[in-house]
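The values are calculated or read from the model by the stated rules, or taken from the named source; none is laboratory data. Note that the structure is a prediction, hence the values are computed from the model and not measured. So basically every Cβ, Gly included, is an ideal-geometry build from the backbone, and we count neighbours across all protein chains shown.
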Amino acid sequence: MTVFVIGASRGIGLELVQQYLDAGDRVIATARDEAGLTRLRDMGAQALKLDVTNPASISGLSWQLDGEKLDVAYYVAGVFSEDDAKSPPTVQAFDSMMHTNVLGAMQALPQVAPWVEEAQGQFVFLTSDFAQIGGVESSRGWVYHVSKAALNMAVVAAQPDYPNAQFLLIHPGWVRTDMGTSAAPLLPEESVSAIRATVAARKTNATGFACSDVPYLRWDGTPFSSW
Ligand SMILES: NC(=O)c1ccc[n+]([C@@H]2O[C@H](COP(=O)([O-])OP(=O)(O)OC[C@H]3O[C@@H](n4cnc5c(N)ncnc54)[C@H](OP(=O)(O)O)[C@@H]3O)[C@@H](O)[C@H]2O)c1
């Protein structure tokens, strides 16, 4: 099986690379600096340089993947910032978050999804419980809330344009990474092994996926009760 991971220099993305390699799969993964690329190569992955906020960088993705059949692709790249609705976000803070979490995914999707369709594979987007409008309890991470809700919509709306690829939205849980902090209860190993099992369990031979087929799931496969 060939697996592609966007945003794999550390955290959940790096752990996805490790676990798929350990399982004997071929892994192509991206990082945006030399240290990250070297780490991926040393692990045995094929490394591609990619900054999802750089249009020139991301526009080369499709030809870099030319001829591939991607059984599973992941869009993992993401940023978080502590803010709330007591003060207005700056344009710079808003743009920076939305570029990584939303525009980057929207620019990657049309370049990656055709190669996922070649394998009738799965395209997983790492979202968050912060995206769930029906479950929100505070404005902490206000722009992040907005970015992940927008990501969910971008992915659901795009599904019918790629009917031979199955899109999934997965919240990894609160995970002990740079983003999740050391207070998080879940280890990356635990989250990622559950995500891999959830993705494998959702694999189907069906095609013709529609918007309503895109699931919004927790790492362990349990669906959110509302968007
Ligand atoms: N950890 C949690 O508790 C949690 C909870 C819910 C959702 N999530 C989501 O899960 C995903 C992974 O989170 P994580 O905890 O692994 O975060 P992390 O440890 O902070 O890692 C973030 C990853 O995204 C990459 N990235 C950031 N900006 C990028 C850009 N412009 N271009 C390319 N790559 C970029 C980083 O690369 P660099 O090393 O180059 O910065 C890094 O590999 C994110 O989408 C996040 O929103 C995480």
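Considering only residues of the stretch 197-213 that are closer than 22 Å to Thr2 by Cα and surrounded by 13 or more Cβ atoms within 10 Å (Cβ to Cβ), which is farthest from the chain's Cα centre (by Cα)?
Top of the filtered list is Phe209.
Across the stretch 50-70, what is the number of residues that are charged (D, E, K, R) and out of contact with any Asp or Glu (no Cβ under 8 Å at 6 or more places or on another chain)? Even if it seems obvious, please write down each step before you answer.
Applying the first criterion (charged (D, E, K, R)) to the stretch 50-70 yields 51, 66, 68-69.
From what's left, out of contact with any Asp or Glu (no Cβ under 8 Å at 6 or more places or on another chain): 51, 66.
The number of residues fulfilling the criteria is 2.
Within the stretch 46-60, which residues are more than 8 Å from the ligand (Cβ to nearest atom), at pLDDT 95 or above and within 20 Å of Phe125 (Cβ to Cβ)?
Hit for the stretch 46-60 is Leu48, nothing else.
Please go through the stretch 158-196 and pick out each residue that is of a type in the set (Gly, Ala, Ser), more than 18 Å from Phe224 (Cα to Cα), within 17 Å of the chain's Cα centre (by Cα) and surrounded by fewer than 19 Cβ atoms within 10 Å (Cβ to Cβ). Even if it seems obvious, please write down each step before you answer.
From the stretch 158-196, those of a type in the set (Gly, Ala, Ser) are 158, 165, 173, 180, 182-184, 191, 193-194; that's our starting set.
Still in the running and more than 18 Å from Phe224 (Cα to Cα): 158, 165, 180, 182-184, 193.
Right, trim to within 17 Å of the chain's Cα centre (by Cα) and you get 158, 165, 180, 193.
Answer for the stretch 158-196, where residues must be of a type in the set (Gly, Ala, Ser), more than 18 Å from Phe224 (Cα to Cα), within 17 Å of the chain's Cα centre (by Cα) and surrounded by fewer than 19 Cβ atoms within 10 Å (Cβ to Cβ): just Ser193.
Return a yes/no flag: does the stretch 120-134 have any residue that is over 21 Å from Thr181 (Cα atoms), away from the ligand (no atom under 13 Å from the Cβ), at pLDDT below 95 and not in a loop (DSSP other than H, G, I, E, B).
There is at least one residue in the stretch 120-134 that is over 21 Å from Thr181 (Cα atoms), away from the ligand (no atom under 13 Å from the Cβ), at pLDDT below 95 and not in a loop (DSSP other than H, G, I, E, B).
Going by the conditions given, is Ala113 surrounded by fewer than 20 Cβ atoms within 10 Å (Cβ to Cβ) and farther than 25 Å from Trp174 by Cα?
Details: surrounded by fewer than 20 Cβ atoms within 10 Å (Cβ to Cβ): no; farther than 25 Å from Trp174 by Cα: yes.
For Ala113, the condition - surrounded by fewer than 20 Cβ atoms within 10 Å (Cβ to Cβ) and farther than 25 Å from Trp174 by Cα - is not met.
Among the residues that make up the stretch 83-100, is at least one of them under 23 Å from Val199 (Cβ atoms), assigned to a loop (DSSP other than H, G, I, E, B) and more than 16 Å from the chain's Cα centre (by Cα)? Write out each step before concluding.
Filtering the stretch 83-100 for residues under 23 Å from Val199 (Cβ atoms) gives 100.
Now drop any that are not assigned to a loop (DSSP other than H, G, I, E, B), which leaves none.
Scanning the stretch 83-100 turns up no residue that is under 23 Å from Val199 (Cβ atoms), assigned to a loop (DSSP other than H, G, I, E, B) and more than 16 Å from the chain's Cα centre (by Cα).
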